[in-house]
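Have a look at the structure below before the remarks.
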Amino acid sequence: MKHWFSAQSPSTQASFYALSAAILAACFTLTIRFATQELHPYQAVFLRFLFGLIMIAPMVMRRGLGELRTKRLPLLGLRGVLSASEMCLWFMAVLYLPLAEATTLNFTVPLFGTILAAVILRETVRLHRWLAVLIGFVGVGLIIQPGTSAMHPASLLPIAAAICMASAGLITKRLVTTESTTALLFYLMLITTPVSLIPALFVWQTPSWHVLGLMALAALMMNIMQICNVKALQLADYSFFVGFSYLRLPIIAILALILFGEIPDFTILPGGALIIAAAVFVALRERRFANNATLSVPNVAAQDPLAATPQGIDKTNPPDHAPSNSLLPDK
């Protein structure tokens, strides 16, 4: 099988990896839904990060503790707090909302990333991207229907999660210029594990072996998903890859219908189309400007090989945390 697969075209291989990543992301969400039916979302978040820390430990030991040296602990700490908050909000959204709605609203990460980049980092955001952000939020309005009796308060959870994820992504963009991927991943797990333990202690109940198995499986799926993401990006252009990342929406919708009997609301289709179209446009524009900036600074690779990769990813050891312009959630 390995010989047969290596003989396939790069686009075929990239399609396999990208599709696998979308399926794993959908399965991760479904696994969390099953786990949070027995376990409080705060406790599920703690177990997700705890198992992630256990899984990253062998990589750190193999590469050596020297890679963990850093002078940017405050930023790493803030990133960890934001990531833990994002995960708590997302797990609650998965528990209380129809999965298709929660997934669609979480696609607003690139839209909030654009706003935060303009407000906090003072990046230049041109008219086309602002129009795309506006269109995306029109789609959000169609789905959550603010000011009407149809609005579910829990609809704000995936949006709040997207804001936290976009904020953590902006910090990651700063950190990748000085920190190794191993350090970024290790400190993420090291910080989020005790941070997520604090709220988990207030709702603690002894988890069953069944739930522990589900959370270990969820952590493993996310690690494999990140590897698939990077493999796909190594083999194909980002514009080819990005379409596959949104396939998790129909996958989740179909599986949620089969497993939980959830029928997506009719507003998901037009609202989701606007959000996805806007998010793709924003992400591809950001990608284009990033590539132009890289071409204008030819010595970047020599100064910092990690920063020279398309999304600041060390492609041999992908991070568990998605970069800010990634359309995949940091779950």
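For Val119 and Ile224, compute 0.36 nm times the residue count separating them, minus their Cα-Cα distance, and round to one decimal in nm. Don't skip to the end; give the middle numbers.
On the way: separation 105, 0.36 × 105 = 37.80 nm, distance 3.44 nm.
Length gained, Val119 through Ile224: 34.4 nm.
Normalised by the number of residues in the chain, what is the relative contact order in percent for Cα pairs under 8 Å and 6+ residues apart? Show your work: numbers first, answer last.
Details: 455 pairs, mean separation 121.1, N = 331.
Reported relative contact order: 37 percent.
At 27 angstrom or more along the helix axis (alpha-carbon based) and mean Kyte-Doolittle of -0.5 or higher, what helices does the chain contain? Whole DSSP H runs only.
Working: long enough: 10-36 (39 Å, 1.03); 41-63 (33 Å, 1.07); 73-96 (34 Å, 1.40); 156-175 (29 Å, 1.51); 181-202 (33 Å, 1.77); 209-235 (39 Å, 1.30); 268-295 (39 Å, 1.01).
The answer, listed by residue number, is 10-36, 41-63, 73-96, 156-175, 181-202, 209-235, 268-295.
If you look for lysine pairs in the chain that are eight or more places apart or on different chains, how many of them have Cα atoms under 27 Å apart?
Going through the chain pair by pair, I get 11.
Can you tell me how the range 91-133 classifies by the Cα gyration tensor, rounded, prolate or oblate, using a/c under 1.5 as the rounded cut?
Working: a/c = 6.08, a/b = 2.39, b/c = 2.54.
Oblate, because a/c is 1.5 or more while a/b does not exceed b/c.
Could you sort 203-210, 240-247 so that the peptide with the highest average Cβ count within 10 Å comes first and the rest follow in order? Mind dumping the intermediate values first?
Details: 203-210: 11.1, 240-247: 19.4.
Highest-to-lowest ranking by the protection proxy: 240-247, 203-210.
Among rounded, prolate and oblate, which fits the range 10-303 when a ≥ b ≥ c are the square roots of the eigenvalues of its C-alpha gyration tensor, a/c under 1.5 means rounded, and a/b larger than b/c means prolate? Write down the numbers at each step before the final one.
Details: a/c = 1.44, a/b = 1.04, b/c = 1.38.
It comes out rounded by the Cα gyration axes.
Which whole-Hz ³J(HN,Hα) couplings does the range 120-126 yield from phi under the Karplus relation 6.51 cos²θ - 1.76 cosθ + 1.60, θ = phi - 60°, glycine and proline marked x?
8, 8, 6, 6, 6, 10, 7
In debye to the nearest 20, how big a dipole does the chain give about its Cα centre with +1 on each Lys and Arg Cβ and -1 on each Asp and Glu Cβ?
Values: 21 positive and 14 negative charges, 152 e Å.
The calculation lands at about 720 debye.
Show me the three semi-axes of the equivalent ellipsoid for the range 59-199, from the C-alpha gyration tensor (sqrt of 5 times each eigenvalue), largest first, rounded to whole Å.
Gyration-tensor ellipsoid for the range 59-199: 31, 20, 11 Å.
Under unit Cβ charges (Lys, Arg +1; Asp, Glu -1), what dipole magnitude, rounded to 20 debye, does the range 118-247 have relative to its Cα centre? Can you show the working numbers first?
On the way: 6 positive and 3 negative charges, 50 e Å.
Rounded to the nearest 20 debye, it is 240 debye.
Computed from the coordinates by the stated procedures, all read-outs in this text should not be read as laboratory data. Given the structure is predicted, the values throughout are model-derived calculations rather than measurements. Cβ coordinates were reconstructed from backbone atoms using ideal geometry, including for glycine residues, and neighbour counts include every protein chain displayed.
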